[in-house]
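As structure tokens, the structure follows; a few thoughts come after it.
The values are calculated or read from the model by the stated rules, or taken from the named source; none is laboratory data. Quantities reported herein were computed from a predicted structural model and do not represent experimental measurements. Glycine gets a Cβ as well: all are built from the backbone with ideal geometry, and neighbour counts include every protein chain shown.
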Amino acid sequence: MPVDPIAIARDLLRCPSVTPAEGGALALIEKTLAAAGFAVDRVTFAEPGTAPVENLYARIGTVGPHLVFAGHTDVVPPGEEARWRHKPFAGEIADGMLFGRGAVDMKGGIACMIAAALDHLAAHRGRPNGSISFLITGDEEGIAVNGSVKLLKWAAARGEKFDHCILGEPTSSKALGDTVKIGRRGSLNGTLIVTGMEGHVAYPALADNPVRRIIAIMSAITAEPLDGGSAHFDPSNLEFTSVDVGNTTVNVIPREARARFNIRFNDHHNQASLKALIEARADAAALGGDFRIDWEPSNADAVLTTPGPFVDLVADAIDELTGLPPLLSTSGGTSDARFIKNYCPVVEFGLVNETMHKIDERVATADLATLTAIYRRILERYFGSAAA
Ligand SMILES: [Zn+2]
């Protein structure tokens, strides 16, 4: 009897695991994987000023190749519960859809990974031809400091070596299998601060208006594209999100003006090169005037897993089971792939993301079956061929 991913997904959806609450979700995964022979560790990470968060690591097998499934059991809050057609933590099925917060992001995906792994083990006398692991965090939707970053470090410290990772985030956009993410853009925030000299608006010669200068600097920063895109990425983009002077009067030239911005950047840049580029553009437009840029710390560099045998293996499995060759994408926001990429190549693939973070988040039960079959095919190929 194949393992039923729908039953596992339902049980997971009934665990109210809004970040940072564990909600019973990791306990359920622990029980399920331990029963199949996985060695399971539950680890809690904390740091001053943040809520402690529980995480889970499970492994079966002692040798390579080592394939790790990664994901998160925490979910965003349900929002107005009264607006849900079915209660957000009830795991109800109606018209072939399983409803609940986390249905696609990403308890459904985790259920499929577990079902696929257990089916694979059952078909191979309980042992993989290598190692299968689960790296499950409870801190992805929150500030993400007590989750994957620390869990990966913890695993590396005990000698865990991963060869490849599949992160089960909901990457499909319209139909299951239409999109795989082979990378993610980096993200960097900054504030441009221009300082002048305050004064009476009727005596501009006695003042130095920072508003004039911030306009010139902002224009200079955005006048030219940051790059022309790369083989797998769109061009990098800088977007100003706020311009602030905070002036409540009409007859005073202010002393300071600020503008906040975010940059989504591709593999042409790292944070240092990007900062240098923006500062040089600002400098040229400032004409010696006083300005500075405060950069926020960022742990989101650009991620890319270059297409090759592993990406092909995943894409082929999807194509075979859906009849759809997936788009290899690097779009969207950041994900835990930014941390995993420091340990092994990572490909993200999972359910249709249309309803994630929304009221009535839901997944077609047929998609859970198909995704399980795809993960199962990936395991079969990975441990059965030289591609690993
Ligand atoms: Zn997610």
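Figures for the structure shown
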| read-out | value |
| --- | --- |
| Selection status of Ala35, farther than 18 Å from Val149 by Cα, within 16 Å of the ligand (Cβ to nearest atom) and either without any contact (Cβ under 8 Å) to a residue 24 or more places away in the chain or among the hydrophobic types (A, V, I, L, M, F, W, C) (or both) | no |
| Qualifying residue in the range 69-76 (condition: under 24 Å from the mean Cα position of the chain (by Cα), within 16 Å of the ligand (Cβ to nearest atom) and surrounded by fewer than 22 Cβ atoms within 10 Å (Cβ to Cβ)) | yes |
| The range 19-64, residues that are buried (at least 18 other Cβ atoms within 10 Å of the Cβ), out of contact with any Cys (no Cβ under 9 Å at 6 or more places or on another chain) and of a type outside the set (A, V, I, L, M, F, W, C) | Thr19, Pro20, Glu30, Thr32, Glu54, Asn55, Tyr57, Arg59, Gly61 |
| Those residues of the range 235-276 which are within 27 Å of Val201 (Cα to Cα) and of a type in the set (Gly, Ala, Ser), in sequence order | Ser242, Gly246, Ala257, Ala259 |
| Options Asn262, Asn266, Asn237: the member that is modelled with pLDDT of 95 or more, out of contact with any Lys or Arg (no Cβ under 7 Å at 6 or more places or on another chain) and not acidic (Asp, Glu) | Asn262 |
| Subset tally (residues that are under 16 Å from the mean Cα position of the chain (by Cα) and among the charged types (D, E, K, R)) for the range 315-339 | 2 |
| Failed criterion for Thr62 (all others in (1) closer than 17 Å to Leu118 by Cβ; (2) assigned to a loop (DSSP other than H, G, I, E, B) hold) | (1) |
| Selection within the range 183-210 - assigned to a helix (DSSP H, G or I) and crowded, with 16+ Cβ neighbours inside 10 Å | Pro210 |
| Qualifying residue in the range 191-208 (condition: within 28 Å of the chain's Cα centre (by Cα) and at pLDDT 95 or above) | yes |
| Residues being surrounded by fewer than 22 Cβ atoms within 10 Å (Cβ to Cβ), touching a residue at least 12 places away in the same chain (Cβ under 8 Å) and more than 16 Å from the ligand (Cβ to nearest atom) - total across the range 156-182 | 7 |
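This table checks each residue for (1) closer than 30 Å to Leu121 by Cα; (2) within 16 Å of the ligand (Cβ to nearest atom).
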| site | (1), (2) |
| --- | --- |
| Asp41 | yes, no |
| Phe45 | no, no |
| Pro48 | no, no |
| Glu80 | no, no |
| Glu92 | yes, no |
| Met97 | yes, no |
| Lys107 | yes, yes |
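Listed here are the residues, each with its yes/no results for (1) touching a Gly at 6+ places or on another chain (Cβ under 6 Å); (2) crowded, with 23+ Cβ neighbours inside 10 Å; (3) at pLDDT 95 or above.
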site: Pro309; (1), (2), (3): no, no, yes
site: Asp316; (1), (2), (3): no, no, yes
site: Glu320; (1), (2), (3): no, no, yes
site: Leu324; (1), (2), (3): yes, no, no
site: Ser331; (1), (2), (3): no, no, no
site: Val346; (1), (2), (3): no, yes, yes
site: Gly350; (1), (2), (3): yes, yes, yes
site: Thr355; (1), (2), (3): no, no, yes
